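A.B. asks: This is the structure, below, for whatever I ask next.
The values are calculated or read from the model by the stated rules, or taken from the named source; none is laboratory data. Being a predicted model, the structure only gives us computed values, none of them experimental. Please note: Cβ atoms are built from the backbone with ideal geometry, for glycine as well, and neighbour counts cover all protein chains shown.
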Protein chains: 2
Amino acid sequence: MTYQAPVRDQLFVLREVLGIEHYANLPGFADAPIDVMEQILTEGAKFCEEVLAPINHNGDKEGCIWSPDNTVTTPTGFKAAYKAMVEAGWPALGADPAFGGQGLPRVLNLAYSEMSSSANMAFSMYPGLTHGAYSAILAGGSDEQKQLYLPKLASAQWGGTMNLTEPQCGTDLGLLRTKAVPQADGTYRISGQKIWISGGEHDMAENIVHLVLARIEGAPAGVHGISLFIVPKFLPGPDGSVGPRNEGVKCVGLEEKMGIHGNATCVMSYEEAKGWLIGEANSGLKLMFVMMNEARLGVGLQGLSQAEAAYQAACAFARERLQGRALTGPKNPDGPADPIIVHPDVRRMLMDSKALLEGGRAFLLWAGLQGDLLHEAPDEAQRQKASDYMGLMTPVLKAYFTDKGLKICSDAMQVHGGSGFTEHFPASQYLRDVRISLIYEGANGIQALDLVGRKLPAKGGRAMMGFLADLDAFAAENEADAGLTPFVDGLKTVKAQLQEGVMWLMQNGLANPDNAGAGSTDFLHLTALTGLAWFWAQIAKAANARIAAGDTDPFYANKLVTGRYFVERILPEAGAHLAKLKTGAELVMALPAEAF
Amino acid sequence: MTYQAPVRDQLFVLREVLGIEHYANLPGFADAPIDVMEQILTEGAKFCEEVLAPINHNGDKEGCIWSPDNTVTTPTGFKAAYKAMVEAGWPALGADPAFGGQGLPRVLNLAYSEMSSSANMAFSMYPGLTHGAYSAILAGGSDEQKQLYLPKLASAQWGGTMNLTEPQCGTDLGLLRTKAVPQADGTYRISGQKIWISGGEHDMAENIVHLVLARIEGAPAGVHGISLFIVPKFLPGPDGSVGPRNEGVKCVGLEEKMGIHGNATCVMSYEEAKGWLIGEANSGLKLMFVMMNEARLGVGLQGLSQAEAAYQAACAFARERLQGRALTGPKNPDGPADPIIVHPDVRRMLMDSKALLEGGRAFLLWAGLQGDLLHEAPDEAQRQKASDYMGLMTPVLKAYFTDKGLKICSDAMQVHGGSGFTEHFPASQYLRDVRISLIYEGANGIQALDLVGRKLPAKGGRAMMGFLADLDAFAAENEADAGLTPFVDGLKTVKAQLQEGVMWLMQNGLANPDNAGAGSTDFLHLTALTGLAWFWAQIAKAANARIAAGDTDPFYANKLVTGRYFVERILPEAGAHLAKLKTGAELVMALPAEAF
């Protein structure tokens, strides 16, 4: 079986869980009532299933090929698919109409991105990072820069990249050495080496716009001396035409990686390459974080996306593979054996996956909607609330759904048995591809530190307090609803655990910041589980409403089963996370470095 | 840094935790007092570090190459290393002196196997499976077969393989189709296709002895009609010389796999190949399980071994990589940044790994000692106890330490950040190699089912009751020891949780076997955590004794810290496993197959 985009489930979340029709007052939403969203997602599903998914496996096998003339050839079919994608306008879905975009809701774009990333993660990174470059120029570029670059990036006619990492500096950008020398004409000459540049060179776009972090000669050391530059592969004419090669920009090699072989991970050399400053000097990091935050949500989505694709492959295998008999007696008595989906431990893996995937989809689409509200809500209080939520939940979604994405991909391989370890089945590629998502755009430990060190204490803890209050309000409102009892009970329990974790961090993190660091990952998982409990309660409420209205589609009854599974068989992990968190830093930090 | 064999820690476990000198009455042990063990392990470490580890990475990159003449070429260096290994006598360490073995304790052989597997898992599988073939012929072969094959297999001069799987039958061997036709001379003609045959063909040994499961013409269907055959690649002369090719035996291809590229995973074709029955007709499965049980313990060890190697690489990286500053102020103020080992979340991953690895090493070496006692103890009660423990703990050790092996390898990659995802660093190979260990020799779900369905209820639950009684006895004996308080408390808590899990399974598993199946993996993890709590308490006791005796080596104080970390930050997972277990099968099994 090949990948089937979960349009039905996405529409259920958009319509019945998030009540998307209540947001018709926002720009873009009026143009896309739910039936239009349905058409767009159905078309998008077709594109992902029929164009992107079929070239995923050969993309892994062939990989990208670097040539000594510094060019990179993408795998068979990628170039044609890229062209088809640009022509169909998928990259422009959420971009600003002022720059050729379609101006549709971010939440809709996120739903499309899920499918695209499930169908072909390596391929989808090319337009994904291009959109990041678009966002940074939109946020910080001059009008001239916007006019010149944004339409090309919005359509993905030109590719975009983020150039942060250097051999000696990844997470710690203060160590950055790439330098920028101002020229008389207002441009800069950029020199340095950047590594792990996704899509840094390839054969699919007319031009590639590198956004490069560098230090202007004489700028302060550390993170406060970093500026952001536009360094295009080809120097554009003022009319947006593609001019001569920017001579100093070169891809000098590709990384050999465990996965995402279809994406060109480039070593980029800049030797007096021509560049243009974006925004203010020495404030490049702020702009890069515009790209980063967007990218982090996208990476959380990648974790979920690969997991969805892997889960689908595992379900198909489990329904078809005949091996052994059910513990309760044959379920396929006329066959040589029962399909392995009859075995409880196979079910356990599939149910774990299903509960995380469906709850996670609601959580992530809700975050996409917060992105719309944050920018577009007419009401300042609503924008602030959305901004608080985005700040708080971005690291949570990035780290949790990539951690769980890996678990689900690994379980999908396990369901396949020996077949899963062979490259003849898709499980290995999904597992190898998803693994990077725990690392890039800030390793998951950095997300956890961002959560406890920045997002939690920000503005006196306003975002977290708002979250806890929303949970209380939901519980109070739905407590009397007998159909929601297990969900509201589960939510109240985990909310109390999260609150206890918050209190512990407040009391102990200030006294010794290592206490916050040592508990950060457990706290992040506790926060994610609480969020999932909230979304499963909302999903159950929506499903109950449909059932009460006489809808007999088993889709809704199945939601209630899967949600109860989440509460009973996944939520108990919250207690262990809280217990670990509360042990503090002592034992984590006690040993000297040489004891390891 | 390259792999350093943990001889010091192994000796600590053997001498101070397991009190190996108390077993001098067992055959083999008298020849290997602890100082001799130390010499052997030190030599073994040298061989693994200097011969096997250096060819691990190129083994992964080059892989094995199949040629259309049905031969397989192993990676550069493998042939020479194999020859050196045979000459040094490492495969013969634990084999019977009657067949050219050294007759040394199994527990010592297990300690050597840990190093060998850490240094090069793909390579070490060749002698590993050869030893499995040795054990099956030792257990079931005729005297003539033993004389002919065992000396060659003991030395690994000839390789050995296990041929179980066919395309339609993996876990469910009842579906097996390979057939054996009796010949007038007492031999059989074997025909069928076998897949996933590790070491089925290669260029390192003079001959390869395939042990093949097949159905004698007219035998009953299902598992009771399966027999085991010796099918050598070259037909041996009665003097053990290598005679003509067994024409019907061919390797017709290799599997392309996610990892262990240096091991040849063969598709074997048997076309009227000449074979000899081992043991009784239709009782082949019993003999195959002799190999299997031994192999399962070995696979648990593989999980731990890859994890140890990956952990060592992560520690080295974390001590060297400079990135960011400690939350509590610079620790390397003269450098551009601090080594990342100062960061609590990096520590958390390393401490998790260290606590599981060191506790796991004690647990596994103890199991190796049970293997010796089971065969060699003079006292029937002692043999029975060891047999109970081996039965109970084999599935636990196989599944738990491969699950955790994967986690540790993944955490080791995470510590490396982006570098870990590139094939330039070793983390990717460790992660890709270890992944198979969760699958082969019975996927981990099968281990869990073996535990709850066979090992737990066997003989009225005698093995589990004996385990619980031993835990009670340990707690009672050490309760008054203030230096052990956290360890004894932790052990008592988790023992009560395990007991509650046992009671729940007894009450609910009979009523509905799906209840046992649905909780099997959680029960297995709960059992493993309880075992680890026991071993950490024993390690702490041994460390305390050394400290009390005036030993100031920080090795012992570090053990206490790591053990307390285990109790405080890993053991809380037991509660979640118990909670999940007790939810039973209802929600696991509720959805129809088409809902997935």
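A.B. asks: Which residue, of A:321, A:296, A:383, A:361, is out of contact with any Gly (no Cβ under 9 Å at 6 or more places or on another chain) and within 29 Å of residue A:120 (Cα to Cα)?
C.D. replies: One residue alone meets the criteria, A:361.
A.B. asks: Name every residue in the range B:169-214 that is outside any loop (DSSP other than H, G, I, E, B) and touching a Cys at 6+ places or on another chain (Cβ under 9 Å), in order of residue number.
C.D. replies: Correct list: B:175, B:194, B:195, B:196, B:197, B:198.
A.B. asks: While we're here: Give me a count of the residues in the range A:415-426 that are in contact with a helix residue (DSSP H, G or I) (Cβ under 6 Å, 6 or more places away or on another chain) and either among the hydrophobic types (A, V, I, L, M, F, W, C) or facing another protein chain (nearest Cβ under 9 Å) (or both).
C.D. replies: The number of residues fulfilling the criteria is 5.
A.B. asks: Identify the residue in the range B:563-584 that is aliphatic (A, V, I, L, M) and within 7 Å of chain A (Cβ to nearest Cβ) and, among all such residues, is farthest from residue B:505 (Cα to Cα).
C.D. replies: So the residue we want is B:576.
A.B. asks: Give the residue that is surrounded by the most Cβ atoms within 10 Å (Cβ to Cβ), with candidates limited to residues of the range A:245-262 that are in contact with a His (Cβ under 9 Å, 6 or more places away or on another chain) and under 22 Å from residue B:426 (Cα atoms).
C.D. replies: Filtering first and then ranking leaves A:255.
A.B. asks: Tell me, yes or no, whether the range A:540-562 has at least one residue that is under 26 Å from residue B:327 (Cβ atoms) and within 12 Å of chain B (Cβ to nearest Cβ).
C.D. replies: Looking for residues that are under 26 Å from residue B:327 (Cβ atoms) and within 12 Å of chain B (Cβ to nearest Cβ), one finds none in the range A:540-562, hence no.
A.B. asks: Limited to the range B:65-109, what total is found for residues that are closer than 22 Å to residue B:265 by Cβ and outside any helix (DSSP H, G or I)?
C.D. replies: Residues flagged as closer than 22 Å to residue B:265 by Cβ and outside any helix (DSSP H, G or I) within the range B:65-109 amount to 13.
A.B. asks: Here is a check on your reading of the model: is residue B:587 closer than 30 Å to residue A:554 by Cα and more than 9 Å from every other protein chain (Cβ to nearest Cβ)?
C.D. replies: For residue B:587, the condition - closer than 30 Å to residue A:554 by Cα and more than 9 Å from every other protein chain (Cβ to nearest Cβ) - is not met.
A.B. asks: Of all residues in the range B:252-270, count the ones that are more than 12 Å from every other protein chain (Cβ to nearest Cβ) and either at pLDDT below 95 or within 19 Å of residue B:78 (Cα to Cα) (or both).
C.D. replies: 3
A.B. asks: Which one of these is farther than 19 Å from residue B:404 by Cα and of a type outside the set (Gly, Ala, Ser): A:348, A:432, A:383?
C.D. replies: Answer to the check: A:383.
A.B. asks: OK, next. Test residue B:101 against the criterion of being closer than 21 Å to residue B:39 by Cβ and either at pLDDT 95 or above or not hydroxyl-bearing (Ser, Thr, Tyr) (or both), and give yes or no.
C.D. replies: yes
A.B. asks: On to the next question. If I ask for residues that are surrounded by fewer than 23 Cβ atoms within 10 Å (Cβ to Cβ) and more than 14 Å from chain A (Cβ to nearest Cβ), which ones from the range B:333-365 would you list?
C.D. replies: B:333, B:334 - these are the residues of the range B:333-365 that are surrounded by fewer than 23 Cβ atoms within 10 Å (Cβ to Cβ) and more than 14 Å from chain A (Cβ to nearest Cβ).
A.B. asks: Could I ask something else about it? Going through A:458, A:533 one at a time, which residue ends up being buried (at least 24 other Cβ atoms within 10 Å of the Cβ), under 28 Å from the mean Cα position of the chain (by Cα) and of a type in the set (A, V, I, L, M)?
C.D. replies: A:533 is the lone residue from the list that is buried (at least 24 other Cβ atoms within 10 Å of the Cβ), under 28 Å from the mean Cα position of the chain (by Cα) and of a type in the set (A, V, I, L, M).
A.B. asks: So, one more: What's the total number of residues in the range A:48-64 that are over 16 Å from residue B:257 (Cα atoms) and part of a helix (DSSP H, G or I)?
C.D. replies: Of the residues in that region, 10 qualify.
A.B. asks: Starting from residues that are surrounded by 15 or more Cβ atoms within 10 Å (Cβ to Cβ) and of a type in the set (Gly, Ala, Ser), keep the ones in the range A:467-491 and report whichever is farthest from residue B:341 (Cα to Cα).
C.D. replies: This residue is A:483.
A.B. asks: Could you check how many residues of the range B:425-439 are crowded, with 24+ Cβ neighbours inside 10 Å and among the β-branched types (Val, Ile, Thr)?
C.D. replies: Of the residues in the range B:425-439, 2 are crowded, with 24+ Cβ neighbours inside 10 Å and among the β-branched types (Val, Ile, Thr).
A.B. asks: Residue A:180 - would you say it is touching a helix residue (DSSP H, G or I) at 6+ places or on another chain (Cβ under 9 Å) and either surrounded by fewer than 23 Cβ atoms within 10 Å (Cβ to Cβ) or away from every other protein chain (no Cβ under 14 Å) (or both)?
C.D. replies: So residue A:180 fails the test.
A.B. asks: Okay, next question. Just name the residue that is farthest from residue B:98 (Cα to Cα) out of those in the range B:122-158 that are of a type in the set (Gly, Ala, Ser), touching a Pro at 6+ places or on another chain (Cβ under 8 Å) and buried (at least 24 other Cβ atoms within 10 Å of the Cβ).
C.D. replies: Looking at residues that are of a type in the set (Gly, Ala, Ser), touching a Pro at 6+ places or on another chain (Cβ under 8 Å) and buried (at least 24 other Cβ atoms within 10 Å of the Cβ), I get B:156.
A.B. asks: Pull up the range A:427-447, narrow it to residues that are outside any helix (DSSP H, G or I) and small (Gly, Ala, Ser), then point me to the one that is farthest from the other protein chains (Cβ to nearest Cβ).
C.D. replies: A:442
A.B. asks: A further question on this structure: Pairs needed: first member in the range B:424-444, on the phi < 0 side of the Ramachandran plot; second member anywhere, among the β-branched types (Val, Ile, Thr) and not in a loop (DSSP other than H, G, I, E, B); C-beta distance under 6 Å; at least 6 residues apart or different chains.
C.D. replies: Cβ pairs passing all conditions: B:437/B:299; B:437/B:402; B:438/B:402.
A.B. asks: Output the residue which, of all residues in the range A:284-338 that are β-branched (Val, Ile, Thr) and under 15 Å from the mean Cα position of the chain (by Cα), is nearest to residue A:416 (Cα to Cα).
C.D. replies: This residue is A:299.
A.B. asks: OK, next. In the range A:373-412, what count of residues is obtained for those that are surrounded by fewer than 19 Cβ atoms within 10 Å (Cβ to Cβ) and touching a Leu at 6+ places or on another chain (Cβ under 7 Å)?
C.D. replies: Matching residues across the range A:373-412 total 4.
A.B. asks: I need the full set of residues from the range A:310-332 which are charged (D, E, K, R) and within 7 Å of chain B (Cβ to nearest Cβ), in order please.
C.D. replies: A:319
A.B. asks: Considering only the range B:508-524, I want to know if a residue exists there that is part of a helix (DSSP H, G or I), within 12 Å of another protein chain (Cβ to nearest Cβ), surrounded by fewer than 24 Cβ atoms within 10 Å (Cβ to Cβ) and of a type in the set (Val, Ile, Thr).
C.D. replies: no
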